[in-house]
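Below is one structure, written out as structure tokens; the observations come after it.
Read-outs throughout are calculated quantities, based only on the coordinates presented, and are distinct from any laboratory measurement. Computed from a predicted structure; not experimentally measured. Cβ sites come from the backbone with ideal geometry, for glycine too, and all protein chains shown count toward neighbours.
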Amino acid sequence: MSLTPALFGQLAQAMGIFVLVCALITGLAVTFKWSWRYRMVGATLFSVVLVVGLFSLSFEPITRSSIEGAVPFKLVYDRFGPNATIAVAPTITPEQLEATLKQASSNLFSSGRNAQGESQLTIYARTIVHPREGISKPLYLGRVKRSLNLRNDPNIEVDIFTDKFAELSSYSLPTKEIAI
């Protein structure tokens with residue numbers, strides 16, 4: 001089952017009906033001074049909080065997309081503005097990087113981002129290489145640009161820096177997958 005805004009709307013409606021039933025029972029409990037009336041007040045108010053949360057998720061749910069071929073990444077820079085950076089393993093291929101950038105652009109989209117005068121969200125992908133002992137160098141392998149306003153942006157631009165992949169292949173990489 002997919003978590004969509006419509007599903008959260010239906011859940012909010014169902015919980016709203018439950019709140020009305022709880023409020024009716026609470027009213028009866030208070031009127032007749034039943035011993036468990038204060039428990040019903042708490043249960044009713046907690047149910048109201050749940051309805052408000054479900055209703056707010058009906059606008060934009062918190063979901064993560066999964067794109068086939070994408071590899072795990074870590075978010076290393078994001079100040080909720082128009083730019084972000086992710087870290088990937090140095091053993092990534094250009095095809096995997098393209099899928100990973102698409103997944104990151106979907107997962108990091110938020111309508112509440114501060115545009116700072118820009119119309120697009122730009123996400124860079126980088127890895128760390130070690131040219132020689134004790135030296136680390138960040139290597140930017142690609143970027144994706146997407147709209148800051150449209151969740152399903154049809155004009156996503158994915159740029160893979162092939163020259164950086166050529167540079168990446170010149171470094172001796174570990175045979176095991178390393179943590180990013």
Checking understanding here: applying a Kyte-Doolittle mean of at least 0.0 and a length along the axis of at least 18 Å (C-alpha), which whole DSSP H helices in the chain pass? 5-31, 37-57
Expressed in Å to one decimal, the Kirkwood Rh of the chain from all distinct alpha-carbon pairs is 19.8 Å
How large is the Rg to Rh ratio of segment 74-170 when both quantities use alpha carbon positions and Rh follows Kirkwood? 1.01
With n ≥ 4 as the cut-off for DSSP H runs, can you work out [θ] at 222 nm for the chain, using -39500 (n - 2.57) per run divided by the number of residues, rounded to the nearest 500? -13500 deg cm²/dmol
Does a label point 7 Å from the Cα of S111, set along Cα-to-beta-carbon, have any residues of segment 14-57 with amide nitrogen under 13 Å, and which are they? 56-57
The set of residues whose placed amide H lies less than 5 Å from the amide H of L141, leaving out same-chain residues fewer than 5 positions away, is A125, R126, T127
Find me the longest stretch of the chain that has none of the exposed trypsin sites (Lys or Arg not before Pro), where exposed means in a DSSP loop (not H, G, I, E or B) with at most 14 other Cβ atoms within 10 Å. 80-131
Find the Cα radius of gyration of segment 5-57, compare it with 2.2 N^0.38 Å by division, and give the number to two decimals. 1.26
Would you mind computing, in nm to one decimal, how far apart the modelled labels at S119 and T31 are, each placed 7 Å from Cα along Cα→Cβ? 6.0 nm
Measure off 7 Å from each Cα along the Cα-to-Cβ vector at T162 and F18, then give the distance between these two points in nanometres to one decimal. 5.6 nm
If Lys and Arg each add +1 and Asp and Glu each add -1, what is the summed charge of the other residues whose beta carbon sits under 14 Å from the beta carbon of I156? +1
Separation of the V41 and Q96 label points, Cα + 7 Å toward Cβ, nm: 5.9 nm
What GluC sites (Glu not before Pro) in segment 17-122 are in a loop by DSSP, with at most 15 other Cβ atoms within 10 Å of the Cβ? E68, E118
